[in-house]
Amino acid sequence: MDAPELNVVTGAFSYTGKYIARRLLSTGKKVMTLTGHPDRPNPFGDRVSVASFHFDDPSELIRSLRGATTLYNTYWVRFPHGTDTFDKAVGNTKTLIKAAREAGVRRIVHISVTNASEDSPLPYFRGKGLLENAIVHSGLSYAIIRPTLIFGVEDILINNIAWLLRRFPVFAVPGAGDYRVQPVFVEDVAEMAVRAADGEEDIVIDAAGPETYTFDELVRLIAERIHSRARIVHLRPGLALFLTKAIGYLVRDVVLTRAEVEGLMANLLVSASPPTGQALLSDWLRENADSVGARYASELSRHFR
Ligand SMILES: NC(=O)c1ccc[n+]([C@@H]2O[C@H](COP(=O)([O-])OP(=O)(O)OC[C@H]3O[C@@H](n4cnc5c(N)ncnc54)[C@H](OP(=O)(O)O)[C@@H]3O)[C@@H](O)[C@H]2O)c1
């Protein structure tokens with residue numbers, strides 16, 4: 001019998017990468033993860049082998065990737081913090097892409113974001129655009145998956161909206177709240193990623209759910225599902241951000257950044273293509289009404305401490 005093919009997934013102990021790894025294991029594939037936290041408890045036990053990113057040691061990175069057929073890349077930073085800047089994340093990802101090519105990886109499945117563009121004024125979307133371009137010119141066979149806002153148990157944004165709605169009597173929506181989001185379920189993103197690995201064709205495809213909400217509708221839906229009685233008010237974006245900064249001080253986290261608000265207000269988490277995800281956020285919130293937002297989800301604890 002042939003040995004099962006090796007797939008490398010970045011971030012299998014974190015959020016989206018965990019769902020991709022789980023799917024690969026369920027189809028009998030061998031999985032290795034690259035991570036910045038190799039000492040974290042391994043939720044897959046010895047079924048997923050572990051190596052550090054080694055962005056500063058390309059030869060070690062090449063060694064880790066040798067023998068892999070597919071690299072699933074989820075690595076990125078949500079916002080710059082300390083020495084972890086967007087420029088550094090772009091450089092690290094380019095190192096990873098080059099290492100994959102040199103290691104003989106057949107195909108890269110890269111998780112990007114909707115409306116990624118080298119011309120974007122927002123560093124998150126610009127960095128993602130630069131990387132899409134690097135992948136297209138890498139010589140690797142590729143599938144670029146561009147999610148909107150990913151929801152699931154480990155999600156941060158929707159969870160923390162629910163947390164705020166549970167804990168405070170008032171919830172401040174930045175601006176009119178008429179900008180839109182089109183959330184996609186993490187299992188749908190993982191399924192798309194794993195399916196995309198099988199093809200030969202180079203593809204770029206949005207991962208977007210079947211429901212689109214204005215931000216105001218999203219907050220009201222979450223409030224309704226968790227039976228929050230918080231008053232939802234609209235504040236100037238600058239003032240709403242100031243309040244989230246104050247809350248961030250209390251929870252020792254960055255709750256939301258100015259660039260994230262700008263991205264939301266520019267409708268960047270909506271796809272112009274037909275929906276590709278199946279699961280409905282409205283159903284998921286009903287099923288998870290007791291747990292969503294029960295605890296604050298901290299980006300800084302997850303990635304920087
Ligand atoms: N979450 C969303 O709603 C959303 C929406 C659109 C696009 N995306 C894209 O989807 C991909 C996966 O997102 P996710 O939310 O599922 O991410 P995640 O699992 O939290 O992190 C993905 C990977 O990036 C690494 N990472 C994250 N922040 C880092 C930091 N500050 N410094 C160093 N490494 C860091 C993680 O390292 P460890 O392995 O050490 O944990 C992990 O390997 C990303 O490329 C993201 O841009 C996400």
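Please go through the range 131-148 and pick out each residue that is assigned to a helix (DSSP H, G or I) and of a type in the set (D, E, K, R).
Answer for the range 131-148, where residues must be assigned to a helix (DSSP H, G or I) and of a type in the set (D, E, K, R): just GLU132.
Collect the residues in the range 207-251 that are small (Gly, Ala, Ser) and under 23 Å from the mean Cα position of the chain (by Cα), keeping them in residue-number order.
Residues of the range 207-251 that are small (Gly, Ala, Ser), as a first pass: 207-209, 223, 228, 230, 238, 240, 246, 248.
The answer is ALA207, ALA208, GLY209, GLY248.
When the residues of the range 51-62 are narrowed to those that are in a helix (DSSP H, G or I) and touching a residue at least 24 places away in the same chain (Cβ under 8 Å), which ends up nearest to the ligand (Cβ to nearest atom)?
Among them, the one singled out is LEU61.
How many residues, within the range 9-50, are in contact with a Pro (Cβ under 7 Å, 6 or more places away or on another chain) and within 12 Å of the ligand (Cβ to nearest atom)?
Selection size over the range 9-50: 3.
Which residues, counting only those in the range 63-100, are aliphatic (A, V, I, L, M), within 14 Å of the ligand (Cβ to nearest atom) and not in a helix (DSSP H, G or I)?
From the range 63-100, those aliphatic (A, V, I, L, M) are 65, 68, 71, 77, 89-90, 96-97, 99-100; that's our starting set.
Retained after the next criterion (residues that are within 14 Å of the ligand (Cβ to nearest atom)): 71, 77, 89-90, 96-97.
Answer for the range 63-100, where residues must be aliphatic (A, V, I, L, M), within 14 Å of the ligand (Cβ to nearest atom) and not in a helix (DSSP H, G or I): LEU71, VAL77.
Pull up the range 150-169, narrow it to residues that are in contact with a strand residue (DSSP E or B) (Cβ under 8 Å, 6 or more places away or on another chain) and within 9 Å of the ligand (Cβ to nearest atom), then point me to the one that is farthest from THR74 (Cα to Cα).
If we take residues in the range 150-169 being in contact with a strand residue (DSSP E or B) (Cβ under 8 Å, 6 or more places away or on another chain) and within 9 Å of the ligand (Cβ to nearest atom), then ILE158 is farthest from THR74 (Cα to Cα).
Looking at the range 261-275 only, could you name the residues that are in contact with an Asp or Glu (Cβ under 6 Å, 6 or more places away or on another chain) and open to solvent by 30 Å² or more (accessible area, probe 1.4 Å)? Working first, answer last.
So in the range 261-275, the residues in contact with an Asp or Glu (Cβ under 6 Å, 6 or more places away or on another chain) come out as 271, 273.
Across the range 261-275, the qualifying residue is only SER273.
Does the range 256-265 hold any residues that are in a helix (DSSP H, G or I) and not hydrophobic (A, V, I, L, M, F, W, C), and which are they?
ARG258, GLU260, GLU262, GLY263
Give the residues of the range 170-185 that are out of contact with any helix residue (DSSP H, G or I) (no Cβ under 6 Å at 6 or more places or on another chain), away from the ligand (no atom under 16 Å from the Cβ) and assigned to a loop (DSSP other than H, G, I, E, B), sorted by residue number.
Within the range 170-185, ALA176, ASP178 meet the criteria.
Do we have any residue at all in the range 35-45 that's open to solvent by less than 20 Å² (accessible area, probe 1.4 Å), within 21 Å of ALA89 (Cβ to Cβ) and touching a strand residue (DSSP E or B) at 6+ places or on another chain (Cβ under 6 Å)?
Among the residues of the range 35-45, not one is open to solvent by less than 20 Å² (accessible area, probe 1.4 Å), within 21 Å of ALA89 (Cβ to Cβ) and touching a strand residue (DSSP E or B) at 6+ places or on another chain (Cβ under 6 Å), which makes the answer no.
So which residues in the range 105-143 are within 12 Å of the ligand (Cβ to nearest atom), open to solvent by less than 30 Å² (accessible area, probe 1.4 Å) and touching a Lys or Arg at 6+ places or on another chain (Cβ under 9 Å)?
ILE111, SER112, VAL113, THR114, ALA116, LYS128, LEU131, GLU132 - these are the residues of the range 105-143 that are within 12 Å of the ligand (Cβ to nearest atom), open to solvent by less than 30 Å² (accessible area, probe 1.4 Å) and touching a Lys or Arg at 6+ places or on another chain (Cβ under 9 Å).
Rundown of residues vs (1) in a loop (DSSP other than H, G, I, E, B); (2) open to solvent by less than 40 Å² (accessible area, probe 1.4 Å); (3) among the hydroxyl-bearing types (Ser, Thr, Tyr), yes/no style:
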| residue | (1), (2), (3) |
| --- | --- |
| GLU200 | yes, no, no |
| VAL204 | no, no, no |
| GLY209 | yes, yes, no |
| GLU217 | no, no, no |
| LEU221 | no, yes, no |
| GLU224 | no, no, no |
| HIS227 | yes, no, no |
| HIS234 | no, no, no |
| GLY238 | no, yes, no |
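Please give the number of the condition LEU268 fails out of (1) among the aliphatic types (A, V, I, L, M); (2) part of a loop (DSSP other than H, G, I, E, B); (3) away from the ligand (no atom under 15 Å from the Cβ).
Going through the list (1) among the aliphatic types (A, V, I, L, M); (2) part of a loop (DSSP other than H, G, I, E, B); (3) away from the ligand (no atom under 15 Å from the Cβ), LEU268 breaks only (3).
The values are calculated or read from the model by the stated rules, or taken from the named source; none is laboratory data. As the structure is a prediction and not an experimental result, all values here were calculated from the model. All Cβ positions, even for glycine, are placed from backbone atoms using ideal geometry, and neighbour counts span all protein chains on display. Accessible surface is based on the protein model in full, side chains and every heavy atom, while ligands, DNA and RNA are left aside. Shrake-Rupley method; radii C 1.70, N 1.55, O 1.52, S 1.80 Å.
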